[in-house]
């Protein structure tokens, strides 16, 4: 795993270098016809970062044990990394230079009753996922909102809990549920790689990536791009099989008391058609899910680990 972390740094830096052109960083091009790649050369990155080309080359080859944070900062500036990319670079470096026992964060294995009570008190869809992007728990409206992710007679899948990324790439219903499937697929992979960078030793994430890489060419191509993303707020549109199109604003936040768990809350704009759709969905949930055996539930044994 240590060697894998070192290799990840090299692959990530090479992917960022390939995305940025000399023009973007203000470098003149005297030999455009001779350039083999559209992105920056290692020598150009080294010059921009104030490093020798040999030193930068060693870093891109994963030899980072003696690399300081100041050097990483210089490389991040040279490659014009955004906040997500810079954080990812530092995450990879931290894990590559520490033992697995020291670098691995404490993971939450079960959810606290207080967390479930908090979710149940909300009148909008609210749910918690883990670093592997499993649906850990939610309120009744969240289960209703994500009811297409659960298996039915036409799409049997006995595995529990459901996983957002697996659904996106392996379930044909995902392309109906996500009107902008390509954008959702990009986001799912970028977020999963961000979480994987925070804990490269997480076997459950590695197993998921291996499964999806084997079974989905769409996932494999996106994973190879090494793109990352921070995910805090925004707007999403879904096509729910019960109420049709519904657009929600969302807020996402980590739960400090439960390392590895992330809370997400959806809210439609008041007075909008999406708000009306959410009201209909709540009525449907109250009729079809409340107090019934159809309500998905994860036991402590099967509950995903963050």
_residue 8 vs. criteria at pLDDT 95 or above, touching a helix residue (DSSP H, G or I) at 6+ places or on another chain (Cβ under 7 Å) and closer than 17 Å to residue 226 by Cα_ = no
*State whether the residues of the stretch 224-242 include one that is under 21 Å from residue 19 (Cα atoms), within 15 Å of the chain's Cα centre (by Cα) and assigned to a helix (DSSP H, G or I).*
no
*asked:* Please verify whether residue 200 is over 30 Å from residue 271 (Cβ atoms) and not in a helix (DSSP H, G or I), treating the condition exactly as stated.
replied: yes
*Would you mind telling me which numbered condition in (1) surrounded by fewer than 19 Cβ atoms within 10 Å (Cβ to Cβ); (2) within 26 Å of residue 89 (Cα to Cα); (3) touching a residue at least 40 places away in the same chain (Cβ under 8 Å) residue 232 fails?*
(3)
*Does any residue of the stretch 90-99 turn out to be modelled with pLDDT under 75 and assigned to a loop (DSSP other than H, G, I, E, B)?*
yes
*Report, by residue number, each residue of the stretch 56-65 that is within 14 Å of residue 94 (Cβ to Cβ) and surrounded by fewer than 19 Cβ atoms within 10 Å (Cβ to Cβ).*
65
*Does any residue of the stretch 44-65 turn out to be under 18 Å from residue 226 (Cα atoms), outside the structural domain of residue 198 (by TED's automatic domain parsing) and part of a helix (DSSP H, G or I)?*
yes
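The values are calculated or read from the model by the stated rules, or taken from the named source; none is laboratory data. Only a predicted model underlies this, so the values are computations on that prediction, with no experimental measurement involved. Cβ sites come from the backbone with ideal geometry, for glycine too, and all protein chains shown count toward neighbours.
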